[in-house]
1. Taking the stated definitions as given, is residue 25 of a type in the set (Gly, Ala, Ser) and either open to solvent by less than 20 Å² (accessible area, probe 1.4 Å) or at pLDDT below 90 (or both)?
2. Pairs, please: C-beta under 8 Å, at least 6 apart or cross-chain, first residue at positive phi and in segment 61-74, second open to solvent by 60 Å² or more (accessible area, probe 1.4 Å) and outside any helix (DSSP H, G or I)?
3. I need a count of the residues in segment 7-22 that are open to solvent by 10 Å² or more (accessible area, probe 1.4 Å) and either outside any strand (DSSP E or B) or hydrophobic (A, V, I, L, M, F, W, C) (or both).
4. Please work out which one of (1) closer than 22 Å to residue 115 by Cβ; (2) polar (S, T, N, Q); (3) in contact with a strand residue (DSSP E or B) (Cβ under 8 Å, 6 or more places away or on another chain) is the condition residue 32 fails and give its number.
5. Residue under question is residue 13, and the condition is that it be of a type in the set (A, V, I, L, M) and touching a strand residue (DSSP E or B) at 6+ places or on another chain (Cβ under 7 Å); does it hold?
Amino acid sequence: MVSHRFERGVLVVTVESDPGITRRAMLTTEISDLIHAYRPTPVVVVLEEAATGAPVVSAVLRAHHMCARLGVLMSVATHSAPARRLLEADADGVSPRLVVHARTDTAIDAAFVAAA
């Protein structure tokens, strides 16, 4: 469901599939555990095409709230325009604001620059 790697000093967490509503909590825990393990490293969560449903968006927003509390920079990359709109709309009011990119390379570059 989730894989991770490091690129240019950024933790890149890739969500490969939608867990459905019944496994959303497990996805949230997997992402949160990685963020805790590698903090204060900036994080880019990449949503593959098969992982852009409401349960994934919810899990990512929960992770973003956690990152805000921990002071960890987090952004998201997904090709899905509907998922980007959901993430941007539902992340309002959390500081720092969740930045959502259409391209993974752009998200990693921005996280690298912001962390420098």
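1. Answer is yes for this residue.
2. If the second residue must be open to solvent by 60 Å² or more (accessible area, probe 1.4 Å) and outside any helix (DSSP H, G or I), the pairs left are 71/40.
3. Counting residues in segment 7-22 that are open to solvent by 10 Å² or more (accessible area, probe 1.4 Å) and either outside any strand (DSSP E or B) or hydrophobic (A, V, I, L, M, F, W, C) (or both) gives 9.
4. (3)
5. The answer is yes for residue 13.
The values are calculated or read from the model by the stated rules, or taken from the named source; none is laboratory data. Given the structure is predicted, the values throughout are model-derived calculations rather than measurements. FYI the Cβ positions are ideal-geometry reconstructions off the backbone, even for glycines, and counts take in every protein chain you see. Quick note on the areas: whole protein, heavy atoms, side chains included, nothing else; ligands and nucleic acids left out. Shrake-Rupley method; radii C 1.70, N 1.55, O 1.52, S 1.80 Å.
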